[in-house]
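This report refers to the structure that appears directly beneath it.
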Amino acid sequence: MMKKLLFTLVSCIAISTAYAQESYYNDVDLNLTGVALKNALATKIINTHTNALDYTPDIWNASKVTDVNPENSTEVLLIYGYSASGTTARTRGINENGGNNGQWNREHVFANSLGSPDLDAAGTNGPPYADAHNLRPSDTQRNSSRGNKKFATGSGNSGSVTNGWYPGDEWKGDVARIIMYMYLRYGNQCKPTFVGVGDSSQTPDDMIDLFLQWNAEDPVSDVEKQRNPFHENTSNTYAQGNRNPFIDNPRLATRIWGGPDAEDIWGIYSSTDTETPSTPTNVTASNITTFSIDLSWTASTDNVAVTSYDVFVDGNLTTNVTTNSTTLNNLNSNTTYSITVLAKDAVGNESSQSTAITPKTLEDTEAPSVPTNIVISNETDTTLKVTWTASTDNTAVTAYEVYVDGNLNAEPTTNTYTINSLTASTTYSIQVLAKDAVNNKSALSTAVNGTTTDGGTGSANELFFSEYVEGSSNNKALEIANVTSSPIDLSVYSIKRNGNGGSTWSAPLNLTGTIAAGDVYVIINGSAALQKLIDEADYVHPNNSSTNNGEPINFNGNDPVGLFKNDVLIDIIGVFNGGSGNFAKDVTLRRKSSVVNPNTTFDKANEWDEFAQDVVDNIGTHDAATASVSEELLNKISIYPNPISNNTIYIKNNVNIDIEEIVIYSVSGKEVFKSSKFNPDEGIKVKTLSPGTYFIKMKSNLGNTTKKLLVK
């Protein structure tokens, strides 16, 4: 077996400039540990992944640069390979790429099918399926031998072992660092527990001991070190823009997850440095406003290097920066602050704090702008929801005042508020003003009228999401219901996706057309395959590059979606900016019939029923009871005999509900029987049904109810 090629290290390399920390990480606090360091590095590699490569031809072209054999530039090195020829070849001609025997292809080290969802679940040619840091040249047959086997403990050469696949002594470190990168870059979609056999009980998340061991045992090779400089430099046509941190310094993995100490290429975690940096001097305040102060100071010196500065305001640590300047924001106006700075090096040695300076912010006398675009929505018998465009201010808007018929009603801190305790069938004049922290107030907005509903049987007044299908592959769909008494124009509505529960909404999918009273509108992903979704679709959203792969109808179980009216959120599934937690993974959510209005607070327990993946039998219809209907009455309707054996169904209805129509569906959602003419005393004669499970929907004057029906 050929030995891995390593850079020659000398004993004092810990402080050598040849192995200094790359400038790429200058804005990352490398003094962090554990999950905090993991999150900081994840943010860095996600934000700098600016070029989404295509699987073909981009990955081929990138691999011919990053995976060149350091000993022979006409060859690429093949992961898992170890002999001179055949299916275990270690090298192959740089242009001998393809899918045939004797050629090299592209190995997904984190196997495509082991992601959850699959790395190509969105049907995309780009990342994560085509993330170059996860793709390495491999002999075609050797690649096939690995398949999607999980990585497991072994020794010597690569090959199948009892629990999966051992990549070989030469490549196990490469594999570990790739899996670590994929975990940071794609989060829960690429958990190490999905792709390796090991124990995660001693780590703070889903990292396993197997990869930590391999990372420590197998140092970074020359061929690995070729990858990061190429991909960071986006002037290279086939560069992604980001780096794999664990190639740059394997010790980062130890800092995050523990385990055996891996190589500290930078020397910042294994140094014996005990000398503190010099104290910052000449701390200066400038560009002072009502809410901010710019700070600068003379850079400190250190025997190795100053890595960051801590800034203290009134004795409290406020921020840590890597340069000798920063801006303090969110300060109070007309206030004096005491500010000091200290310097730190990579191993945490700290200087003394600088001499304090005491700048004073300016006095705030400017009022916020007047709120605009007042919108009244979600009207009920006793409530009105008011939303408006947020005001601006020279410092900051801190609150609003909402007036009803000229009287102060509430002082919310956000640009939305629901007015309560109103009277049915009454028109109210609504106005809003904005104010700041020192009580400068804008003028009142232009008055907008809102009218409560009439107190009758129907209290529904707005569209809302009625079904969310997070099915297999691209089987994604949303259903919007109109349970009001009037048709609603969709032209002022849109849908947005909050990818991975992050801090921004996607570009909107603007809706068109009209939803009739009592009807629904179904939107599906253009690559959906379930026939029921295709049959019920009112709009098929294309899944291609122009729509960013079907966005926003390409959500996963951790992607909230919002329904907007005039660009104001009126309904949501999931929690905006709620992180990457899966609130609806591989399930269908169906709104309960008791819900007749939207809600900007996701209440899964009380407003939604959950069904298994790809259950779409009810898509295209929605049963909603009005606020005055007792669900208990509908539940008293029963069918018998059940199971049935003679194709006759009887309905027991002792509560005098007028049943207007009966529809029977198969479990796949196909309509197999429908009737609006029947005599309950005589029963209902259905056409021959094959043995199995069905659903019988009964539409009545008080709402709809569905029962399970068994046929022997």
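A cut-off under 11 angstrom between Cβ atoms defines the neighbours of TYR640, and their net charge, with Lys, Arg +1 and Asp, Glu -1, is +2. With K and R counted +1 and D and E -1, the other residues having a Cβ less than 14 Å from that of VAL522 yield a net charge of -3.
With an a/c value under 1.5 for the gyration tensor axes a ≥ b ≥ c computed over the alpha-carbon atoms, the stretch 125-270 is described as rounded.
For the stretch 289-350, the relative contact order comes to 44 percent (Cα pairs under 8 Å, sequence separation of at least 6). A simple spin-label model places the labels of THR56 and THR289 5.2 nm from each other, with each point 7 Å out along Cα-to-Cβ. Here r is the Cβ-Cβ distance between THR323 and ASP222 and R0 is 25 Å; the resulting FRET efficiency, rounded to 0.05, is 0.15. Classification of the stretch 402-549 by its C-alpha gyration tensor yields an oblate form. The axis ratio a/c (a ≥ b ≥ c) is 1.5 or more, and b/c is at least a/b. The charge dipole of the chain, taken about its Cα centre with unit charges on the Cβ of Lys, Arg, Asp and Glu (plus for the first two, minus for the last two), comes to roughly 1900 debye.
Charge dipole of the stretch 163-273 (Cα centre as origin; +1 on each Lys and Arg Cβ, -1 on each Asp and Glu Cβ, all else neutral): 460 debye, rounded to the nearest 20.
Given +1 at the Cβ of Lys and Arg, -1 at the Cβ of Asp and Glu and no other charges, the dipole of the stretch 310-427 around its Cα centre is 200 debye to the nearest 20. In the chain, a dipole from Cβ-located charges (positive for Lys and Arg, negative for Asp and Glu) runs towards its positive end, and of TYR166, TRP388, PRO643 it is PRO643 whose Cα lies farthest in that direction. The ASP261 and ASN420 beta-carbon pair, evaluated with R₀ = 60 Å, returns a calculated FRET efficiency of approximately 0.50.
Measuring nothing but how far apart in sequence close Cα pairs (under 8 Å, 6+ apart) lie, relative to its length, the stretch 230-327 scores a relative contact order of 15 percent.
Of the residues HIS231, PHE312, VAL432, the one whose Cα sits farthest toward the positive end of the charge dipole of the chain, with +1 on the Cβ of Lys and Arg and -1 on the Cβ of Asp and Glu, is HIS231. Compared with the direct C-alpha span, the chain from SER235 to THR427 gains 63.0 nm at full extension, assuming 0.36 nm per residue. Measuring nothing but how far apart in sequence close Cα pairs (under 8 Å, 6+ apart) lie, relative to its length, the chain scores a relative contact order of 7 percent.
The alpha carbon radius of gyration of the stretch 349-410, expressed as a multiple of 2.2 N^0.38 Å, is 1.97. Counting charges near THR340 (Lys, Arg +1; Asp, Glu -1) among other residues having Cβ under 13 Å from its Cβ returns a value of -3. Note on the chain: dipole from Cβ charges, positive end direction compared against LEU362, ILE179, ILE374; the farthest Cα belongs to ILE179. Of the cross-linked pairs LYS476/LYS592; LYS385/LYS699; LYS496/LYS585; LYS532/LYS707; LYS685/LYS712; LYS674/LYS712, those separated by over 22 Å at the C-alpha level are LYS385/LYS699. Answer with a single label: of (i) 46; (ii) 54; (iii) 38, which was calculated as percent of Cα pairs over 38 Å apart from the structure in view? Read-out from the structure maps to (ii).
With n ≥ 4 as the cut-off for DSSP H runs, can you work out [θ] at 222 nm for the chain, using -39500 (n - 2.57) per run divided by the number of residues, rounded to the nearest 500?
-3500 deg cm²/dmol
Coordinate-derived values only; no laboratory data. As the structure is a prediction and not an experimental result, all values here were calculated from the model. Neighbour counts run over all protein chains shown; Cβ positions are idealised from the backbone, glycine included.
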